[in-house]
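To start, the structure under review is shown below, and the notes come after it.
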Amino acid sequence: MAKQTRDAEFTEFVAARAPWLRKVAYLLCGDWHRADDLVQESVTKLYVRWSRLSRLENLDGYARTVLVNTFLAEQRSPWGRWAARRRTGVVPEPAAAGTDLDLSVDLRRALAALPPRQRATVVLRHYCDLTVEQTAAALGCSTGNVKSQTSRGLDALRRSLDQQDRRDRTERTERTERTDHPDLPHLRDRRDLRDLRPAVPVEGAVK
């Protein structure tokens, strides 16, 4: 009976927290399939210790710590390094109403480019809303390390988003110029218009 009660409590906890854990895992690894694997591995670890954990005051915090440590351990393994090299992009999450999908995708792509521990620090501080002290406890490091990792991570995100914004503006300008000249879809910018000048001077043309 005790085991049935324990299993029922565990099932209830996982059903309630799985979507949240999956979102955190996705922000850490940038891949929904791998996020599911990370959650499953973390949930297995929780189940093994559930008889002691179920009485914890901050069970959510413990589950999050297990998830982050599982992710970081994976990144140090040969499999994690191989998976990181194989990952070529970020799969966008379905957009909620009113969400700027392009910005959301750009942010996830920039986040995925951060080093794993830096990424974990940014996710814990700015998605999970943990304090510096709570983040340090979750990662097993000093508060000074959390502050420096967060600062470097946010600087890298800003640079990446600024670069993407400049690329987007350039692409929009090029599309506008091609639209202005619908018969000339091959033109990349205004300088290419010089290619259209006649090889033989036209009589009466201004020189």
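The values are calculated or read from the model by the stated rules, or taken from the named source; none is laboratory data. Here the structure is a predicted model, which means the values were calculated and not measured. Cβ coordinates were reconstructed from backbone atoms using ideal geometry, including for glycine residues, and neighbour counts include every protein chain displayed. Keep in mind that these areas ignore ligands, DNA and RNA; they rest on the heavy atoms of the full protein, side chains included. Shrake-Rupley method; radii C 1.70, N 1.55, O 1.52, S 1.80 Å.
Scanning region 19-67 for residues being more than 26 Å from Ala110 (Cβ to Cβ), of a type outside the set (D, E, K, R) and either open to solvent by 30 Å² or more (accessible area, probe 1.4 Å) or not in a helix (DSSP H, G or I) (or both) gives a total of 9. Among the residues of region 130-145, none qualifies, meaning not one is more than 24 Å from Asp106 (Cα to Cα), outside any loop (DSSP other than H, G, I, E, B) and modelled with pLDDT under 90. Looking across Leu124, Leu154, one residue alone is out of contact with any Pro (no Cβ under 8 Å at 6 or more places or on another chain), open to solvent by less than 30 Å² (accessible area, probe 1.4 Å) and in a helix (DSSP H, G or I). It is Leu124.
Among the residues of this structure, Asp162 does not count as one that is assigned to a loop (DSSP other than H, G, I, E, B), open to solvent by 50 Å² or more (accessible area, probe 1.4 Å) and modelled with pLDDT under 95.
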